[in-house]
Amino acid sequence: MLNYILKRIILLAPILLLVSLITFSILYIIPGDPAETILTGPGGAADPKAVEEFRVKMGLDRPLHIQYLKWLNNVLHGNFGYSYMTEQPVLDPILPAFRATLKLAVASMILSLLISIPVGIISAIKQYSLIDNLSMTGALLGVSMPNFWQGLLLILLFAVYLGWFPVAGYGENGDFEHLVLPAITLGTSSAAITTRLMRSSMLETIRQDYIQAARAKGLSERVVIGKHALKNALIPVVTVAGLNFGYLLDGSVVVETIFAWPGIGKLMVGSIYMRDYPMIQGCILFVALVYVAVNLVVDILYTFLDPRIRYETKAKAK
Amino acid sequence: MADFVSQFRENRTALVGAAVILLLVLVAIFAPQLAPHNPIKASLGDRLSAPSEKYPLGTDHLGRCVLSRLLYGARISLAVGVVVVGVAAAVGVALGIISGFYGGVLDEIIMRLVDAMLAFPSIFLALAIAGTLGPGLGNVMIAIIVVEWTRYARVMRGSILSVKENYYVEAARALGASDFYVVTQHILPNAIAPIIVVATLGMAPVILAATSLSFLGLGVQPPTPEWGMMLNDGRLFMRRAPHLTTFPGVAIMITILAFNLLGDGLRDALDPRARTEKELR
C-alpha cells in the first residue's frame with residue numbers, strides 16, 4: 001500500500017515540473033515586452049527609464065532559463081512571486097481567496113451529492129418510468145445550461161423579485177445567506193453530471209450475479225439496493241470525485257464573478273483586468289497544485305474503498 | 001455502416017439534436033436575411049424596450065434589436081466551435097499518431113505533456129492564456145485550442161495502439177509499405193470513428209468555454225454581437241429589462257443541448273459496448 005502511494009508521488013514529479021514550465025511560460029506569451037506592456041497606461045507610451053528600472057527590479061533583464069530557475073527555486077520555498085499592483089507576495093491574497101472558494105466548492109459538492117445519489121438510485125431502479133424520464137431530462141438540461149446564465153436567473157428570481165437572498169457578496173465571512181445562491185448554481189450543474197453517472201453505475205450493478213444471489217437469499221429489496229448494490233455503485237462516483245472537484249473549480253470562475261464571491265476565480269479574473277501577471281501565474285499554479293493533490297488523495301482513497309484495485313496492482317507487481 | 005445508420009435512426013433524440021444544429025447553421029448563414037434590424041445599429045430612443053411587434057425580443061441598453069443580435073450571434077458561436085474543434089482535433093490527432101505509432105521517447109514526452117495539461121482545471125488555464133494574450137476572439141480561440149487538443153491526442157493514441165497490432169498492418173508492412181502509407185491507408189480509417197464522437201461531444205464544452213470567456217469580457221469586442229457578451233451587458237439592467245438576461249441564455253442552452261444530444265447518439269451508435277448494453281434490455 002505504502003509502495004503504491006510512493007510510486008504515485010514519484011510519478012507526479014515530471015508532471016509537476018511540466019506544470020511549472022507551462023505556468024512560467026504564461027508570462028512570456030504576452031505580445032511584446034512585458035515590462036513595456038505593463039507600464040503602458042491609458043495615457044500613452046511608457047517612460048523608457050521606468051521600463052528599464054522595472055525590468056531590473058522584476059528580474060526580467062536576465063536570460064530566460066535563469067529567470068525560470070530562480071522562479072522555480074522561489075516557488076519551492078513558498079514564494080510565488082510579487083504582485084505588480086501591490087508589490088506584496090501574491091500568496092497573501094491567494095490563500096484567503098482559496099479558503100472562500102473551498103467553502104463554496106464544499107457546499108456545492110454536498111448539495112450535488114444530496115441530489116444526485118438519491119435521484120440516480122431511483123432512476124435506476126425505476127428505469128424508463130416517468131420519474132426516470134423526468135430526472136434524466138432535468139440532468140440533460142442541467143448539463144447544457146451555462147453556469148453564468150443559471151446564476152443570473154437565480155439572482156433574478158430569488159434576489160431581485162422575491163428578495164429572499166442577497167443579490168451578491170460575501171457578507172460577514174461568507175455566511176449562509178450569501179452562500180445559498182452560488183452554491184445552488186454550482187451544485188446543481190455538478191449534480192446533473194453525477195446523477196447520470198450514479199444511474200448508469202446503479203443499472204450496471206443491479207444486473208450483477210451477487211445482487212441476484214442477495215435477492216434469492218430472501219433479503220428485502222431495501223437491503224439489496226441500500227446495502228449490497230449501493231456500496232458498489234458508489235465506486236465510480238468516488239473515482240470521479242477528483243474530476244468533479246476540477247469541474248467545481250472551473251465553475252467558480254464565472255460563479256464567483258457573478259456573485260462577487262471573493263474566491264480564487266474572482267481573484268484571477270480581477271488580476272487579468274489589472275494585467276497583474278505574477279498574480280495570474282500564482283493563481284493558476286496554486287489551483288493546479290491543489291487539483292493535483294486532490295486527485296492523488298482520491299486515487300489513494302479509491303484503493304481503500306475498492307480492494308480489487310489493490311489486488312490488481314499486487315498481482316501485476318508479482 | 002448500414003448498421004450504424006439504422007442504429008442512429010433509432011435514436012430519436014440524436015435526430016432532434018442534428019435537426020436543431022442544422023437549423024442553427026441555416027440561421028447563421030441567413031442571419032442578414034432573417035434579422036429584422038441591423039444588429040449593431042444603436043437607436044437610443046428605443047433603449048431597453050420590452051418585446052414588442054417592432055422588436056420581437058426587445059432591445060438592449062443601446063436600443064439594438066435583441067433578436068437580430070441573437071441571430072448574428074449564432075455565427076460567432078458556431079464558427080468558434082467548428083474552428084476550435086477542427087484545429088484542436090487536427091493537432092491532437094497528429095500528436096496522437098506520432099505518440100502511438102512511433103512510441104518510445106516521443107510517446108513519453110507527448111503523453112507527459114498531456115498529463116501536465118490535464119493537471120490544470122481547463123477553464124482556469126484557458127482563462128490565464130486568453131487573459132495574458134489580451135482580449136479578442138482570436139486569443140480566446142487559441143486559449144481553448146491549447147486546452148482542448150489533449151483529449152484528441154489521448155483517444156487517437158489509444159486507437160492507434162489497438163489498430164497497430166492487426167495482421168493487415170503487418171501484411172502491409174511486409175509488402176514494403178511506408179510509414180506514411182500504413183498510417184493514412186490502414187490505421188487512420190480504422191481509428192477515426194472515436195475521434196468523430198469525441199469531436200461532436202467536444203463542441204458543447206468549446207462553445208460553453210468561449211461564451212464564458214466572452215461573458216468575462218475577454219472574447220469578441222463590442223459592438224459585434226455574441227451571446228456570452230450579451231448576457232454580461234444585460235446583467236446591469238436585470239431589474240428593468242429581464243429579457244436581456246433571458247434570451248441569450250436560451251440561445252446558448254439550445255445550442256449546447258443540441259450538440260450534447262447528437263454527441264450522445266453518435267457515441268451510442270458507434271460504441272459497440274453501449275450497443276450490446278441496449279440489446280440486453
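For A:ILE235, are the conditions met, namely being over 21 Å from A:ILE115 (Cβ atoms), in contact with a helix residue (DSSP H, G or I) (Cβ under 8 Å, 6 or more places away or on another chain), more than 9 Å from chain B (Cβ to nearest Cβ) and not charged (D, E, K, R)?
Details: over 21 Å from A:ILE115 (Cβ atoms): no; in contact with a helix residue (DSSP H, G or I) (Cβ under 8 Å, 6 or more places away or on another chain): yes; more than 9 Å from chain B (Cβ to nearest Cβ): yes; not charged (D, E, K, R): yes.
Judged against the criteria, A:ILE235 is not a match.
When you scan segment B:231-252, how many residues do you find that are within 25 Å of the chain's Cα centre (by Cα), within 11 Å of chain A (Cβ to nearest Cβ) and farther than 18 Å from A:LEU141 by Cα?
Applying the first criterion (within 25 Å of the chain's Cα centre (by Cα)) to segment B:231-252 yields B:231-234, B:244-252.
Next, only the ones that are within 11 Å of chain A (Cβ to nearest Cβ) stay: B:231-232, B:234, B:244-252.
Retained after the next criterion (residues that are farther than 18 Å from A:LEU141 by Cα): B:231-232, B:234, B:244.
Of the residues in that region, 4 qualify.
May I ask you to verify whether B:GLU170 is over 18 Å from A:THR23 (Cα atoms), acidic (Asp, Glu) and more than 9 Å from chain A (Cβ to nearest Cβ)?
Values: over 18 Å from A:THR23 (Cα atoms): yes; acidic (Asp, Glu): yes; more than 9 Å from chain A (Cβ to nearest Cβ): yes.
Against the criterion (over 18 Å from A:THR23 (Cα atoms), acidic (Asp, Glu) and more than 9 Å from chain A (Cβ to nearest Cβ)), B:GLU170 qualifies.
Please verify whether A:LEU186 is within 23 Å of A:ASP299 (Cβ to Cβ) and surrounded by 20 or more Cβ atoms within 10 Å (Cβ to Cβ), treating the condition exactly as stated. Talk me through it step by step, then tell me what you get.
Values: within 23 Å of A:ASP299 (Cβ to Cβ): no; surrounded by 20 or more Cβ atoms within 10 Å (Cβ to Cβ): yes.
Here the answer is no, as A:LEU186 does not meet what is asked.
Among the candidates A:PHE259, A:PHE304, which residue alone is within 12 Å of chain B (Cβ to nearest Cβ) and either touching a helix residue (DSSP H, G or I) at 6+ places or on another chain (Cβ under 8 Å) or of a type in the set (Phe, Trp, Tyr) (or both)? Before the answer, list the steps.
Details: A:PHE304 fails: within 12 Å of chain B (Cβ to nearest Cβ).
None of the others qualify; the one that does is A:PHE259.
Is there a residue being over 19 Å from A:LEU186 (Cα atoms) and charged (D, E, K, R) anywhere in segment A:111-127?
Here is the first cut: in segment A:111-127, the residues over 19 Å from A:LEU186 (Cα atoms) are A:121-127.
Those still in the list that are charged (D, E, K, R) too: A:126.
Yes, that holds for at least one residue.
Give segment B:130-150 a look and list any residue that's within 7 Å of another protein chain (Cβ to nearest Cβ) and surrounded by 23 or more Cβ atoms within 10 Å (Cβ to Cβ), or say none.
The initial filter retains those residues of segment B:130-150 that are within 7 Å of another protein chain (Cβ to nearest Cβ), namely B:131-134.
Matches in segment B:130-150: B:GLY131, B:THR132.
Can you pull out every residue in segment A:150-179 that is in a helix (DSSP H, G or I), among the aliphatic types (A, V, I, L, M) and touching a residue at least 40 places away in the same chain (Cβ under 8 Å)? Walk me through it before giving the result.
First, the residues of segment A:150-179 that are in a helix (DSSP H, G or I): A:150-161, A:176-179.
Okay, now just the ones that are also among the aliphatic types (A, V, I, L, M), so A:152-157, A:159-160, A:179.
Scanning segment A:150-179 gives A:LEU152, A:ILE155, A:LEU179.
Could you say whether any residue in segment A:117-129 is at the interface with chain B (Cβ under 8 Å from one of its Cβ atoms) and out of contact with any helix residue (DSSP H, G or I) (no Cβ under 9 Å at 6 or more places or on another chain)? Let's see the steps before the verdict.
Filtering segment A:117-129 for residues at the interface with chain B (Cβ under 8 Å from one of its Cβ atoms) gives none.
No, segment A:117-129 has no match at all.
Name the residues in segment B:32-72 that are within 23 Å of B:THR255 (Cβ to Cβ) and assigned to a helix (DSSP H, G or I), would you?
B:PRO32, B:GLN33, B:LEU34, B:VAL66, B:LEU67, B:SER68, B:ARG69, B:LEU70, B:LEU71, B:TYR72, listed by residue number.
Can you name the residue in segment A:262-271 that is more than 20 Å from A:GLY171 (Cα to Cα) and buried (at least 23 other Cβ atoms within 10 Å of the Cβ) and is also nearest to the other protein chains (Cβ to nearest Cβ) among such residues?
We begin by selecting, within segment A:262-271, every residue more than 20 Å from A:GLY171 (Cα to Cα); these are A:268-269, A:271.
From the residues that got through so far, the ones that are buried (at least 23 other Cβ atoms within 10 Å of the Cβ) too are A:268, A:271.
On the way: A:MET268: 6, A:SER271: 8 Å.
So, considering only residues that are more than 20 Å from A:GLY171 (Cα to Cα) and buried (at least 23 other Cβ atoms within 10 Å of the Cβ), the one nearest to the other protein chains (Cβ to nearest Cβ) is A:MET268.
Is it true that B:VAL25 is buried (at least 21 other Cβ atoms within 10 Å of the Cβ) and in contact (Cβ under 8 Å) with a residue 40 or more places away in the chain?
On the way: buried (at least 21 other Cβ atoms within 10 Å of the Cβ): no; in contact (Cβ under 8 Å) with a residue 40 or more places away in the chain: yes.
It is false that B:VAL25 is buried (at least 21 other Cβ atoms within 10 Å of the Cβ) and in contact (Cβ under 8 Å) with a residue 40 or more places away in the chain.
Can you tell me which residue among A:ASN79, A:ASN73 is without any contact (Cβ under 8 Å) to a residue 24 or more places away in the chain and either part of a loop (DSSP other than H, G, I, E, B) or crowded, with 19+ Cβ neighbours inside 10 Å (or both)? Working first, answer last.
Values: A:ASN73 fails: either part of a loop (DSSP other than H, G, I, E, B) or crowded, with 19+ Cβ neighbours inside 10 Å (or both).
Of the residues listed, the single one that is without any contact (Cβ under 8 Å) to a residue 24 or more places away in the chain and either part of a loop (DSSP other than H, G, I, E, B) or crowded, with 19+ Cβ neighbours inside 10 Å (or both) is A:ASN79.
Does A:GLY163 satisfy the criteria of being farther than 18 Å from A:LEU114 by Cα, surrounded by fewer than 17 Cβ atoms within 10 Å (Cβ to Cβ) and within 14 Å of chain B (Cβ to nearest Cβ)? If you could, list the steps in order and put the result at the bottom.
Numbers: farther than 18 Å from A:LEU114 by Cα: yes; surrounded by fewer than 17 Cβ atoms within 10 Å (Cβ to Cβ): yes; within 14 Å of chain B (Cβ to nearest Cβ): yes.
Yes, satisfied.
What are the residues in segment B:115-128 that are part of a helix (DSSP H, G or I) and within 7 Å of chain A (Cβ to nearest Cβ), if any? Even if it seems obvious, please write down each step before you answer.
Applying the first criterion (part of a helix (DSSP H, G or I)) to segment B:115-128 yields B:115-118, B:122-128.
Result: B:ASP115, B:ALA116, B:SER122, B:ILE123, B:PHE124, B:LEU125, B:LEU127, B:ALA128.
Name the one entry in B:ARG112, B:ARG75 that is part of a helix (DSSP H, G or I), touching a Leu at 6+ places or on another chain (Cβ under 9 Å) and among the basic types (Lys, Arg).
Numbers: B:ARG75 fails: touching a Leu at 6+ places or on another chain (Cβ under 9 Å).
That would be B:ARG112, the only listed residue that is part of a helix (DSSP H, G or I), touching a Leu at 6+ places or on another chain (Cβ under 9 Å) and among the basic types (Lys, Arg).
Which members of segment A:55-75 meet the condition of being under 14 Å from A:PHE24 (Cα atoms) and in contact with a Lys or Arg (Cβ under 8 Å, 6 or more places away or on another chain)?
A:GLY59, A:LYS70
Every residue, every condition in (1) small (Gly, Ala, Ser); (2) under 28 Å from the mean Cα position of the chain (by Cα), yes or no:
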| position | (1), (2) |
| --- | --- |
| A:GLN150 | no, yes |
| A:GLY163 | yes, no |
| A:THR188 | no, yes |
| A:LEU219 | no, no |
| A:VAL224 | no, no |
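What number of residues within segment A:257-300 satisfy the criterion of being within 13 Å of the chain's Cα centre (by Cα), in a helix (DSSP H, G or I) and not hydrophobic (A, V, I, L, M, F, W, C)?
Count: 3.
Mind listing whichever residues of segment A:137-149 are in contact (Cβ under 8 Å) with a residue 24 or more places away in the chain and either over 22 Å from B:ASN260 (Cβ atoms) or more than 8 Å from chain B (Cβ to nearest Cβ) (or both)?
Residues satisfying the conditions are A:GLY138, A:ALA139, A:GLY142.
Residue-wise test of (1) assigned to a helix (DSSP H, G or I); (2) in contact with a Cys (Cβ under 9 Å, 6 or more places away or on another chain); (3) modelled with pLDDT of 85 or more; (4) among the small types (Gly, Ala, Ser).
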| residue | (1), (2), (3), (4) |
| --- | --- |
| A:ARG8 | yes, no, no, no |
| A:ILE26 | yes, no, no, no |
| A:GLY32 | no, no, no, yes |
| A:ALA50 | yes, no, no, yes |
| A:ASP61 | no, no, no, no |
| A:GLN67 | yes, no, no, no |
| A:MET85 | no, no, no, no |
| A:ALA97 | yes, yes, yes, yes |
| A:ALA100 | yes, no, yes, yes |
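The values are calculated or read from the model by the stated rules, or taken from the named source; none is laboratory data. Just so it is clear, the structure is predicted and the values come from calculations on it, not from any experiment. Counting neighbours? That spans all protein chains shown, and the Cβs are built from the backbone with ideal geometry, glycine included.
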